[in-house]
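Visitor: Sending over a structure as structure tokens; questions will come in a sec.
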Amino acid sequence: MRFRGLFTVSIGKLKGFSLSQPMNLTPTFFRDEGKPVEKLQALICYSSFSTNGDLKKGYEKMMLAKDLACLVEESSHKDERKVKSRMELKRSIELRVKKRVKEQFIDGKFRNLMVNVIAVPITLQDAYNCIKLNSNVDISVKDDSICFNSLAKELLDGSFDVGEDTVSFSTRGVAKEVLILPNPKMIIVQEAIRMVLEVVYRPHFSKISHGCRTGRGHLTALRYIKKQVSSPSWWFPLILNKKVDANIIAKLISKLEEKIEDDQLYVIIRSMFDAQVLNFEFGGFPKGHGLPQEGVLSPILMNVYLDFFDQEFYRLSMRYEALHQGDDKDEDKSHSKLRNWFRRQLKENDLKCTTNDNSGPRIYCCRFMDEIFFVVSGSKDIALSFKSEIVDFLKNSLRLDVDDEQTGVLPCDGSNGSRFLGALVKRRVQEGPATSAVHKLKEKVRLFASQKQDAWNVGCVRIGKKWLAHGLKKVKESEIKHLADSGSTLSKVSYFRKAGMETDHWYKVLMKVWLQDIKAKAAENEESILSKYVAEPALPHELKESYYEFMKCADEYVSSETATTLALLPNSSSNSGSVTITEILAPTDAIKKRLFRYGLTTSEGYPRAASLLVLQDSIQIIDWFSGIVRRWLQWYQDYDNFNEVKLLISSLLRKSCVRTLATKYRIHESEIEKQFDSELCRIPSIEEVEQELTYETSYSHPFDNDEALMYGISYSGLCLLSLARMVSQSRPCNCFVLGCSVAAPSVYTLHVMERQKFPGWKTGFTSCIHPSLNKRRIGLCKKHLKDLYLGHISLQSIDFGAWK
């Protein structure tokens with residue numbers, strides 16, 4: 001809050017400064033001069049006296065000045081007390097590093113970044129603070145576990161040994177898979193290099209690139225396909241597969257040399273690749289999800305390397321769009337296609353500019369790390385030719401393997417759609433206003449007719465049951481002489497009754513004969529028999545005719561053609577237009593299979609107890625389930641079938657949590673829901689999820705969802721921990737989280753839920769963990785165990801080499 005005002009007084013000097021000239025009173029001025037409250041009161045008071053000469057009014061204004069000054073003071077104290085979020089702190093750290101990097105930009109290149117930026121103790125300290133913020137550790141707590149001066153000296157004189165600062169894990173069995181992870185010192189160096197590369201390359205990345213970038217995550221990639229792609233005709237994804245070899249490293253270094261001139265930096269990066277501490281693999285695991293098998297440098301290096309592809313795409317798209325000869329023979333030859341192409345690039349967010357321009361083909365691309373999706377608006381020949389050139393470039397120039405046989409060019413109007421980032425991308429015809437109104441009316445008519453039919457059936461069945469009761473009553477009366485009717489049919493057939501036969505048995509025999517007579521085996525059920533052969537013949541003829549006539553008219557109206565019905569509406573020609581839209585659908589079948597694989601549901605899809613969580617505390621069990629629900633719902637929040645996903649995830653996981661607690665305490669589920677009612681509220685219901693997502697969209701800070709800062713924390717890989725042992729004095733253990741030195745009360749066993757490798761386009765949200773980490777034991781304090789379960793930290797924050 002800032003107060004600005006001009007006061008002119010002529011009373012001479014006041015507390016050492018002149019009041020004879022107009023003064024701009026601001027909080028900054030007051031803080032520079034001394035006591036802002038007293039000076040603001042004095043200035044307003046003396047100004048009032050000299051102007052009005054009224055002591056009473058001057059006193060009132062002095063009180064007003066005092067209140068305003070207190071308000072200024074409270075506002076300044078409030079700003080000082082405001083605690084920054086960890087993402088705001090991380091952004092401020094990266095801004096400091098950015099300033100140091102910009103100072104090294106000389107003659108069009110960044111020079112000597114290793115000597116002047118990376119191998120500087122203050123930069124290494126900032127990198128370590130970023131790691132601690134990722135681990136949700138307070139950076140204000142002093143940590144002397146790492147000497148940054150000695151680490152900087154090792155980097156400068158070349159004595160830093162990459163191989164010694166690593167730890168390796170291998171799978172059990174004959175076919176061993178080895179995973180090499182960095183130690184804390186190596187992680188700090190990688191983080192420092194990552195921050196520097198982010199500053200250099202972030203402004204130059206293409207707009208088709210998504211993943212681990214500020215404001216460009218998986219939701220923005222899918223949103224681009226859904227809203228920015230107009231009139232698509234063909235689409236196809238491309239799956240990249242390749243382990244990094246010497247050729248890829250050499251080409252990556254050549255790309256880095258275009259903007260950075262620093263041999264020492266390249267020596268460190270090459271040594272990391274040689275030590276296999278950079279698990280840089282195309283298509284092996286979905287990138288950017290906070291997996292423990294990835295280094296922090298993997299996403300930025302992958303985006304830098306695939307920037308070759310982004311530039312080639314723009315070159316090819318310009319050739320196909322701006323210079324490709326279309327099939328329109330009557331097009332004005334003086335019309336500049338090249339100029340239109342540049343205009344579309346400048347106005348790509350304006351859908352009106354894209355939908356009205358049909359002068360030639362359009363080619364769209366969306367890349368999320370190493371997963372690429374193409375959309376072509378044009379003929380199939382153009383799509384096939386474009387795909388062939390792109391595949392040749394990826395294979396021959398970038399030396400990548402492309403599995404193009406499984407990803408053919410598919411029509412956008414097909415019923416199967418295409419897969420990208422685990423989502424099903426489909427085209428659907430959206431009804432116009434008039435068509436939608438007619439369908440709503442038809443639905444109301446269908447519902448009304450169904451209600452009348454149900455009422456008719458219920459009434460007929462009630463009449464039939466009364467008929468059965470009346471028949472049994474007549475059989476019993478026939479056994480009483482003074483009540484029996486000798487002329488009735490029942491009395492005439494009574495001689496078929498055997499001696500000693502009970503009344504109920506005799507009635508069953510009569511009913512059996514009657515059912516055989518009407519051929520009851522062909523009927524659907526007993527209710528239809530009572531309605532058709534008992535109740536309806538007894539009803540008035542006019543009532544039956546009116547009912548069947550109404551049902552006939554309702555069926556005809558519901559089954560009538562939409563176009564015929566639209567002709568009855570006023571101005572139907574202007575309202576009947578339909579629009580084809582692109583839908584992004586979550587794979588509900590894959591979600592169900594994953595829940596079954598995690599042991600949370602049965603093979604039939606019913607929730608079950610998670611046996612590995614039974615030994616943990618009830619709060620930890622609830623936090624684990626709450627973390628799954630929140631992370632998965634955040635991942636699928638912008639999908640078109642989000643309501644179905646909400647119902648599936650929230651209901652199944654909440655019930656599974658209740659059954660896990662019931663198994664732990666061996667009491668009924670209803671008692672669990674009563675005892676843990678307040679704790680179970682941590683697992684959000686469908687209504688709570690909608691409110692939270694609305695609040696996050698409206699009030700969340702822009703840094704909170706920054707994937708470049710979070711690096712997959714919000715939707716990190718899911719893990720399951722079981723209690724291995726309690727920590728004792730004879731066997732102590734500290735928390736394995738980087739930057740945390742708190743004693744761990746328990747040791748847990750990490751369970752790998754998905755051991756196979758698969759490309760991320762098949763399943764989207766991943767919980768994949770390297771199989772070499774299966775059954776590894778880690779120590780966690782209570783705070784970080786909760787953070788890991790709730791998704792506030794990822795497995796990358798765990799120092800798996802702490803035991804070694």
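The values are calculated or read from the model by the stated rules, or taken from the named source; none is laboratory data. Only a predicted model underlies this, so the values are computations on that prediction, with no experimental measurement involved. For neighbour counting, all protein chains shown are included, and Cβ atoms are generated from backbone atoms with ideal geometry for every residue, glycine included. Heavy atoms of the whole protein, side chains included, go into the accessibility calculation; ligands, DNA and RNA do not. Shrake-Rupley method; radii C 1.70, N 1.55, O 1.52, S 1.80 Å.
Visitor: For the pair Ser560/Asn416, report the inter-label distance in nm, with labels modelled 7 Å from Cα in the Cβ direction.
Guide: For the pair Ser560/Asn416, the computed spacing is 4.0 nm.
Visitor: On the first, second and third principal axes, largest extent first, how far apart are the outermost C-alpha atoms of the stretch 92-190 in Å?
Guide: 55, 35, 23
Visitor: Taking R0 as 60 Å, what FRET efficiency do you get between Glu257 and Gln516 from their Cβ-Cβ distance, rounded to the nearest 0.05?
Guide: Once the sixth-power term is evaluated, E becomes 0.05.
Visitor: In nm, what is the difference between 0.36 nm times the number of residues separating Arg315 and Asn643 and their Cα-Cα distance?
Guide: Stretched fully, the Arg315-Asn643 segment lengthens by 114.0 nm.
Visitor: Still on this structure, I have one more. Would you work out which of Ala152, Val115, Tyr128 lies farthest towards the positive end of the dipole of the stretch 97-152, given +1 charges on the beta-carbon of Lys and Arg and -1 on that of Asp and Glu, about the Cα centre?
Guide: Of the listed residues, the answer is Val115.
Visitor: Still on this structure, I have one more. Computed FRET efficiency, Cβ-Cβ of Glu177 and Arg777, R0 25 Å: what is it to the nearest 0.05?
Guide: 0.85
Visitor: ³J(HN,Hα) across the stretch 598-605 via Karplus (A = 6.51, B = -1.76, C = 1.60, θ = phi - 60°), whole Hz, x for Gly/Pro?
Guide: Running phi through 6.51 cos²θ - 1.76 cosθ + 1.60 with θ = phi - 60° gives 7, x, 9, 9, 7, 5, 7, x Hz.
Visitor: Which order do the peptides 500-509, 415-424, 730-739, 371-380 come out in when sorted by mean C-beta neighbours inside 10 angstrom, highest first?
Guide: Packing order, densest peptide first, comes out as 371-380, 415-424, 730-739, 500-509.
Visitor: Listed highest first by mean packing, meaning other Cβ atoms within 10 Å per residue, what order do 622-632, 242-252, 655-665 come in?
Guide: Result, highest mean first: 622-632, 655-665, 242-252.
Visitor: What percentage of the solvent-accessible surface of the stretch 86-204, computed with a 1.4 Å probe over protein heavy atoms, is contributed by carbon and sulfur atoms?
Guide: Here it works out to 52 percent.
Visitor: Kindly state, to the nearest 0.05, the FRET efficiency for Lys544 paired with Lys473, given R0 = 41 Å and r defined as their beta-carbon distance.
Guide: Taking R0 as 41 Å, the efficiency between Lys544 and Lys473 is 0.95.
Visitor: Can you list the residues of the stretch 530-558 with backbone N under 16 Å from a point 7 Å past the Cα of Lys452, pointing along Cα to Cβ?
Guide: Taking a point 7 Å out along Cα→Cβ of Lys452, the residues of the stretch 530-558 whose backbone N falls under 16 Å are 542-558.
Visitor: Out of residues 5 or more away from His210 or on other chains, whose amide H comes under 5 Å of its own, with H placed 1.01 Å from N in the peptide plane?
Guide: Result for His210 returns Arg367, Phe368, Met369.
Visitor: So, one more: If I stretch the segment between Thr580 and Arg731 completely, what's the gain in nm (0.36 nm per residue apart, minus their alpha carbon distance), one decimal?
Guide: 47.8 nm
Visitor: Please compute the length gained on full extension between Lys153 and Lys465, using 0.36 nm multiplied by the number of residues separating them and subtracting their Cα-Cα distance. Spell out each step's value before the answer.
Guide: On the way: separation 312, 0.36 × 312 = 112.32 nm, distance 9.59 nm.
Contour length minus Cα-Cα distance gives 102.7 nm.
Visitor: Give me the distance in nm between label points sitting 7 Å out from Cα along the Cα-to-Cβ direction at Arg428 and Tyr606, one decimal.
Guide: Placing both labels 7 Å beyond Cα along the Cβ direction yields 3.1 nm.
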